[in-house]
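Participant: Have a look at the structure that comes next, please.
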Amino acid sequence: MSDPVSSTPAQRLVGGLWCGDVLAGLPDYLEGRLEAPTLAAVEAHIAGCDWCARFGGAYASVVGALTEQLAEPEPVGREVADRLDAALDAGLDAGPGGGLDGAG
């Protein structure tokens, strides 16, 4: 497996932006938060820079997968929900400082 740092190309100026500028703006690009002129410059850079296009695509895939995985929590079973409800009720019944473990 190659070292990602050594396989990173030298900074290139493409479409009026340096690679580092494009990479730093990837989160905003993926979330649609770039102004039209900046968006056009990023897209021009990506169109002319194979490394940034490949890295940006991989980054977008990872972000998309994480967003999908974290968007919906796994539902807990009825038994777990009942135990949580009982623990919360016991903590609330203990009054201020009672807490779930009884420590105050």
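The values are calculated or read from the model by the stated rules, or taken from the named source; none is laboratory data. Because the structure is a prediction, the values reported are computed rather than measured. Methodologically, a virtual Cβ is constructed for each residue, glycine included, from the backbone with ideal geometry; neighbour enumeration extends over all protein chains shown.
Participant: Within region 67-104, how many residues are modelled with pLDDT of 90 or more and part of a helix (DSSP H, G or I)? Explain how you work it out, then say what you get.
Facilitator: Initially, region 67-104 is screened for residues modelled with pLDDT of 90 or more, giving 77-88.
When the remaining residues are screened for being part of a helix (DSSP H, G or I), the result is 78-88.
Residues flagged as modelled with pLDDT of 90 or more and part of a helix (DSSP H, G or I) within region 67-104 amount to 11.
Participant: Here is a further query. For the subset of region 34-56 comprising residues that are out of contact with any helix residue (DSSP H, G or I) (no Cβ under 9 Å at 6 or more places or on another chain) and assigned to a helix (DSSP H, G or I), which member is surrounded by the fewest Cβ atoms within 10 Å (Cβ to Cβ)?
Facilitator: Filtering region 34-56 for residues that are out of contact with any helix residue (DSSP H, G or I) (no Cβ under 9 Å at 6 or more places or on another chain) and assigned to a helix (DSSP H, G or I), the one surrounded by the fewest Cβ atoms within 10 Å (Cβ to Cβ) comes out as 36.
Participant: Among the residues of region 28-37, which ones are within 18 Å of residue 60 (Cα to Cα) and either of a type in the set (Phe, Trp, Tyr) or without any contact (Cβ under 8 Å) to a residue 24 or more places away in the chain (or both)?
Facilitator: Taking region 28-37 as the starting set, the residues that turn out to be within 18 Å of residue 60 (Cα to Cα) are 28-34.
Result: 28, 29, 31, 32, 33, 34.
Participant: Would you pick out the residues in region 58-91 that are surrounded by 11 or more Cβ atoms within 10 Å (Cβ to Cβ) and either touching a Phe, Trp or Tyr at 6+ places or on another chain (Cβ under 9 Å) or not charged (D, E, K, R) (or both)?
Facilitator: Correct list: 59, 60, 63, 64, 76, 81, 84, 87, 88, 90, 91.
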